[in-house]
Amino acid sequence: MTTSPVERAADQFVTALAQWRAERGMTKKQLAARMGFDPSYVSHVEGRRHKPTEDFARRAEAVLAAGGVIWQRFQEYDELRHARGPVLHRDPPVPVQWMPPGTGLIVEQEIAELTYTRGAYRCRIRRALYNAGVEPVTRYLVKIAVDRFPHDPAGSNRHHRRYPLSFEEMDLRAVAGEGDAAEPMQWRLKLDRDASKEVWLLFANDHGQFPLYPGERTTIDYAYTVGEEKWGQWFQRAVRLPTRNLTVRLDFPVEFEPQVWGVETSLAAEVPVRTPLERHNDDQRAVFEWSTDAPLLNARYRLEWRFRGQGAPANGDEGARTELNGHELRASQRMRGIGIVQRGADLLRQRARHFQLPREENEARDAVSVLRDTLDRLEALHDFSKGVGLAAPQIGLGVAAAMVRPPERGADPIVLLNPRIVDESSETDEQYEGCLSFFDYRGLVVRPLRVDVEHARYDGTRMITSFELAMARLVSHEIDHLDGRLYVDRMAADATLVPIEEYGQTGRPWRY
């Protein structure tokens, strides 16, 4: 019987391995052969007679194409295994990502750039390719899709039926190779729809063919243009081939006052991108960049933006409201649109994992950075006159971190790591609360007027902070989230939720 966290994590790794092996229709011997192991090795790992290694987990993930699930389960197991004591020996790291024989095409680096100029977006994709397969590559599939109103599929479909995307306006161009050796690539149509196109870029032109043979490398560079009336304010990269590095770059006029955020969608969840975007101004241009050295296969990475300056093109949501005959998106839809996990998700009902500080200081700082970025985006969507809080599970992170911004304008947010309430006042009051994870309603909740909270610094030391009135309510609400509890759990049995349309107190602070 499994009794320790390490053993439970090992069981979860083995379960994921077996499930994906069955999903791919492989026997243990077939999987072992594809991974380059002795035929009995997979059986020993699944039977818990051998401990999985980093090399084993990487190879299993590559062969089974599990969307990062197997690798994630191994990392969880490996962290717990080496957290039990300093005497344990950690396996040497695998320096190069292993790919099974016959993997096929690998993207060693992708740089995707989107530039707004004079009413149109120019998209340029540059990919460094390596043929790890056994056959020459003669063509490369490119998918181009637009969605003017991503939060209103019906309205977007009507719009693109009326204004279909055309190859004439796109001016699609592609080359293979670099410098003087670059060769123009011809292309052949595969799919032609109002809002999406698929074409084969051919390793050929009027001068002849130039296939990419096994073991060879090349770079392809293609670009196309789409008018602002057809391009919604989002730019998404889908990882369809094994990819080692992905960089996404946005280039807008500074005068548009752009605000940009990112969302990652995988088989497991949709969450804000795990590292912050970087911005720099180049003359009169605002350039935003985001990179990852570990993009998950089958994941999608989407950057979204809004323009706040005068003279900027209309934001996508504004267009969506027009398409919906003046009816704005529901509050919950706006929250979901920036990556807030919504009620019904399992993660909101699970107790968050505490950080092992100071060992996990970097992980804690990363979580806080994502929380801060999300709070900034939230304040562009709604006026939080009562203050606002956000817990890590609400952005898809099952760790004990939360951030609370006081009601006072310009106040710095409070960071809470591994918090727990150690004392509270006997005096209480009852106020309406809202939750970003079901923002269409409000409910009356009784809370203490003062709470004393023990929480951690990044260096692992503990401190106790006392919060009163509005801050006591906000902090208590977020700590509930970290315990897997929602405010509806604290409402009276006969109480009912009030739709936000009937609430009438939006924009007003709580009264004390």
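Per-structure values
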read-out: Pair-distance profile P(r), taking every C-alpha pair of the stretch 141-284, with 10 angstrom steps and integer %; value: 8, 30, 35, 23, 4
read-out: Listed residues I144, I421 arranged by accessible area, highest first, probe 1.4 Å; value: I421, I144
read-out: Cα-only radius of gyration and Dmax that characterise the stretch 342-472, units Å; value: 14.8, 40
read-out: Accessible heavy-atom area order of E168, E229, E360, highest first, probe of 1.4 Å; value: E168, E229, E360
read-out: Sites D459 and T15 - FRET efficiency at Förster radius 35 Å, r taken between beta-carbons, to 0.05; value: 0.45
read-out: Leading residue at positive end of dipole, the chain (Cβ point charges), from F203, L347, F384; value: F203
read-out: Point-charge dipole on Cβ atoms (K/R +1, D/E -1) for the chain, about Cα centre, debye to 20; value: 1280 debye
read-out: Kirkwood hydrodynamic radius (C-alpha pairs) into Stokes-Einstein, the stretch 202-292, 25 °C and 0.890 mPa s, D in µm²/s; value: 147 µm²/s
read-out: Rounded percent of accessible protein surface that carbon and sulfur make up, the stretch 108-194, 1.4 Å probe; value: 46 percent
read-out: Heavy atoms of I111: accessible area, 1.4 Å probe, square angstrom to 10; value: 40 Å²
read-out: Antiparallel DSSP beta bridges within the chain, percent to nearest 5; value: 95 percent
read-out: Inter-site label distance for R279 and T247 at 7 Å from Cα along Cβ, in nm; value: 2.0 nm
read-out: Globularity ratio of the stretch 147-214, using Cα Rg and 2.2 N^0.38 Å; value: 1.51
read-out: Dipole of the chain, positive direction: furthest Cα of Y140, P164, A269, with charges on the beta-carbon; value: Y140
read-out: Full-extension gain in nm, D494 to A120, via 0.36 nm per residue minus C-alpha separation; value: 129.1 nm
read-out: The chain, relative contact order in percent, only Cα pairs under 8 angstrom and at least six apart counted; value: 10 percent
read-out: Prolate/oblate/rounded call for the chain, Cα gyration tensor, a/c under 1.5 rounded; value: oblate
read-out: Whole-number Å³ per residue for the convex hull built on Cα positions in the stretch 325-399; value: 106 Å³
read-out: Using a Förster distance of 25 Å, the FRET efficiency for A269-T225 (Cβ separation, nearest 0.05); value: 0.15
read-out: FRET efficiency, 1/(1 + (r/R0)^6) with R0 35 Å, evaluated for A132 and H382 via beta carbons; value: 0.15
read-out: Dipole magnitude of the stretch 343-421, debye to nearest 20 (Cβ charges: Lys/Arg +1, Asp/Glu -1, about Cα centre); value: 340 debye
read-out: K51 accessible area, 1.4 Å probe, all protein chains in place, Å² to nearest 10; value: 130 Å²
read-out: Rounded Å value of the spacing that divides the Cα centres of the stretch 1-71 and the stretch 234-283; value: 32 Å
read-out: Helical segments meeting 24 Å axial Cα length and Kyte-Doolittle -1.0 threshold in the chain (DSSP H); value: 5-23, 361-381
read-out: Chain lengthening between S426 and L141 when straightened (0.36 nm per residue, less Cα-Cα); value: 96.0 nm
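The values are calculated or read from the model by the stated rules, or taken from the named source; none is laboratory data. The structure presented is a predicted model; accordingly, all values stated were derived computationally and were not measured. Cβ atoms come from the backbone with ideal geometry, glycine included; neighbour counts cover every protein chain shown. Surface areas here come from the heavy atoms of the whole protein model, side chains and all, with no ligands, DNA or RNA. Shrake-Rupley method; radii C 1.70, N 1.55, O 1.52, S 1.80 Å.
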